[in-house]
Amino acid sequence: MEKRTEEKTYLDKIRESADYIKNHVKETPEVAIILGTGLGDLIKYIEDSEAIDYKNIPNFPVSTVEGHSGRLIFGKLGGKRVMAMQGRFHYYEGYDMKEVTFPVRVMQQMKIEKLFVSNAAGGMNKEFRVGDIMIITDHINLFPENPLRGKNYEDLGPRFPAMTEAYSQSLINLADKVSQEKGIRVMHGVYVGTAGPTFETPAEYEYFRIIGGDAVGMSTVPEVIVANHAGMKVFGVSVITDLGGKDIKEVPTHEEVQKAALKAQPNMVVLISEMLKQL
């Protein structure tokens, strides 16, 4: 009996949040976008925009990190109806994985089929430069907890979802096409997701590089796992905001990460807007 109550409570929370949002916006969005550190200004380019504060949405967590405003923005970008998360939730803030990924469940309930996700990341690929845009081709999950751990809800997805194409190849191909058309330098790479909140040691950067990583950050992987569980197509992109490794001694700060992300923002806006136009 207790398990049945738990299931009803979790699913009802998702439905309650989705119903609240649908009742407060003009049109149901086609695409969701999770905006990472320093990239929140993308919302300036969303036309006919309207906003809902997280604090007003039933059951939604509230972002506590500088640079994450805590609003859902609705409107049109690249001619498509979008819902943009200005501020995401991180495991290091103390949320459990179901809270971190709760917005993706709400997107699923709203029948959104495509998720664009961005983040700021530290680069360990020797070819990367600060300010580069890295299209995520795959990830390595080093979080201590998986967001699907525990009881599986058949209404939400299968017990053992495949992660063979966690990041949609068709969307990656579209991004490559757009970047060539617009003359935007893009890199490709594997994103390593860690719990944080510490930045990585030189030895950790080297370890991540050896196991196949190109960039590392403290987000994205949980949302992408849940989006795949929900049957959504995902496009992921990292802005390389600092570089690390055994030969690099610079000390990264959150302020420098934000500045580097803002510098890359014009190209991010062009890339994402044009991709949406061509979908």
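Computed over protein heavy atoms with a 1.4 Å probe, the carbon and sulfur contribution to the accessible area of segment 111-220 reaches 51%. Set against the labelled values (i) 25; (ii) 45; (iii) 31, percent of Cα pairs over 30 Å apart computed from this structure falls on (i).
So with the 1.4 Å probe, I'd like the accessible area per residue for the chain, rounded to whole Å². For the chain, the per-residue accessible area is 46 Å².
Spin-label model, Val62 to Lys246: label points 7 Å out along the Cα-to-beta-carbon direction sit 4.7 nm apart.
A simple charge model with +1 on the Cβ of Lys and Arg, -1 on the Cβ of Asp and Glu and nothing else charged puts the dipole of segment 14-143 at about 220 debye relative to its Cα centre. Around the Cα centre of the chain, unit charges on the Cβ atoms of Lys, Arg, Asp and Glu (plus for the first two, minus for the last two) sum to a dipole of about 560 debye.
Stretching Glu47 away from Leu142 to a fully extended chain increases their span by 30.4 nm, per 0.36 nm per residue minus the current alpha-carbon distance.
Helical runs assigned H by DSSP (4 residues or longer) give the chain a calculated mean residue ellipticity at 222 nm of -10500 deg cm²/dmol, each run adding -39500 (n - 2.57) before division by the residue total.
In this simple spin-label model, placing a label point 7 Å from the Cα along the Cα-to-Cβ direction at both Glu206 and Arg149 gives a separation of 3.0 nm.
The values are calculated or read from the model by the stated rules, or taken from the named source; none is laboratory data. All values derive from a computational prediction rather than experimental measurement. Positions of Cβ are backbone-derived with ideal geometry, glycine not excepted, and every protein chain shown enters the neighbour counts. Side chains included, ligands, DNA and RNA excluded: accessible areas come from the protein's heavy atoms. Shrake-Rupley method; radii C 1.70, N 1.55, O 1.52, S 1.80 Å.
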